[in-house]
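Asker: One structure follows; several queries about it will come next.
The values are calculated or read from the model by the stated rules, or taken from the named source; none is laboratory data. Fair warning: this is a prediction, and the values are worked out from it, not measured in the lab. Note: ideal-geometry Cβ built from the backbone for every residue, glycine included; neighbour counts use all protein chains shown. Just so you know, the surface numbers come from the protein's heavy atoms only, side chains and all, with ligands and any DNA or RNA stripped out. Shrake-Rupley method; radii C 1.70, N 1.55, O 1.52, S 1.80 Å.
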Amino acid sequence: MHEVSETGPCLNCGTELTGRWCGQCGQRVVPVRPSLHELLHEAVHEIAHIDGKLIRTAGLLLFRPGALTTEFLEGKRVRSVTPVRVYLLCSVLFFGILSLLPTGPLTVKITKGRDAQLTQAAERVNKDPAILVHAFESAFPKAMFLLMPLFALIVFAFYFRAERMYVPHFYFAVHYHAFGFVLLALYEATSPIHIRAVGIIRLLFLLTLFPYLGMSLRRVYGGARWLTSLKTLAILTIYGFFILITMAFIAYVTLRRL
């Protein structure tokens, strides 16, 4: 094996080294031309490091509501995956599963007016529901970049006394939506299983979003249980209203474009 010197200049930025890591740029001291053994050792180290962070992050996200947000806001950020990466991984999981599943039956009715274009588009969607489903799959991830900051703003309105900066509320929103995507992914993945017990479990997946938010809010912001419960109900009611509006808008625009 090659000897690695922990003294001298850093090969990346030129700063004098004082150990295995450069104090200026953070680059680790490794052989410039590693042997096969060193290459394999480096690969195992990196994979184990990443897997360890993922496992720990998943454990906190799924089983300790609000813990990831609390740690992040306390500055404990090295041991877990960053909020944005958590969100991206969970959203990719959900939309990936959604894209693999067959499209179920769907009926669209135009109840008001005599708009020929909308009526014709509705007929096309009723014959091929995948048209509308694919539109949601394409538009909803983009819409979430507007809905998620809105959710953070709603939480901010209820907890501005506990935290007067907006960004911490945004981190809270990111983690909550990441958890939501995991539950929705499980909900969709189990949809082909037509068993009564599985149907009950699928319903529990959706209902878990309510207590999870309440526990997250209490862990991050504190407060009495009864007051947190009222705030949880209010936040989800307001946010649910905006989600319905967004979904209706996506459906309307899709029908108009057909």
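Asker: Please give the FRET efficiency for Asn12 paired with Leu73, using the beta carbon to beta carbon distance and R0 = 30 Å, rounded to the nearest 0.05.
Answerer: 0.45
Asker: With a 1.4 Å probe and every protein chain left in place, tell me how much accessible area Glu163 has, in Å² to the nearest 10.
Answerer: Approximately 50 Å² of Glu163 is accessible to the 1.4 Å probe.
Asker: Going from most exposed to least, what order do Arg20, Arg79 have by accessible area with a 1.4 Å probe?
Answerer: Arg79, Arg20
Asker: Another question about this same structure. Multiply the residue gap between Ala130 and Ala162 by 0.36 nm, knock off their C-alpha separation, and tell me the result in nm, one decimal place.
Answerer: 7.0 nm
Asker: Once phi is turned into ³J(HN,Hα) by the Karplus curve 6.51 cos²θ - 1.76 cosθ + 1.60 with θ = phi - 60°, what whole-Hz value does each residue of the range 171-185 show in order, with x for glycine and proline?
Answerer: 3J(HN,Hα) across the range 171-185, in whole Hz: 4, 4, 5, 4, 5, 5, 5, 4, 4, x, 5, 5, 5, 5, 5.
Asker: Can I ask one more? Could you give the spread of the C-alpha atoms of the range 165-258 along their three principal axes, from largest to smallest, in whole angstroms?
Answerer: 46, 38, 21 Å, listed from the longest principal axis down.
Asker: While we're on this one: Under 15 Å from a point 7 Å along the Cα-to-Cβ line of Leu62: which residues of the range 167-182 have their amide N that close?
Answerer: What the label zone holds, given the 15 Å backbone N cut-off, is 178-182.
Asker: Under the Karplus relation 6.51 cos²θ - 1.76 cosθ + 1.60, θ = phi - 60°, what is the ordered set of whole-Hz ³J(HN,Hα) values for the range 223-239, x standing for Gly and Pro?
Answerer: x, 5, 4, 5, 5, 4, 4, 5, 5, 4, 4, 5, 4, 5, 5, 5, 5
Asker: Kindly sort Ser216, Ser138 by accessible area of their heavy atoms, largest first, with the probe set to 1.4 Å.
Answerer: Order by accessible area, largest first: Ser138, Ser216.
Asker: Further, regarding this structure: For the range 154-240, which chymotrypsin sites (Phe, Trp or Tyr not before Pro) are in a loop by DSSP, counting at most 14 other Cβ atoms within 10 Å?
Answerer: The qualifying sites are Phe160.
Asker: Additional query: Which trypsin sites (Lys or Arg not before Pro) in the range 151-258 sit in a loop by DSSP (not H, G, I, E or B) and have at most 13 other Cβ atoms within 10 Å of their own Cβ?
Answerer: Here the sparse-neighbourhood loop sites are Arg161, Arg164.
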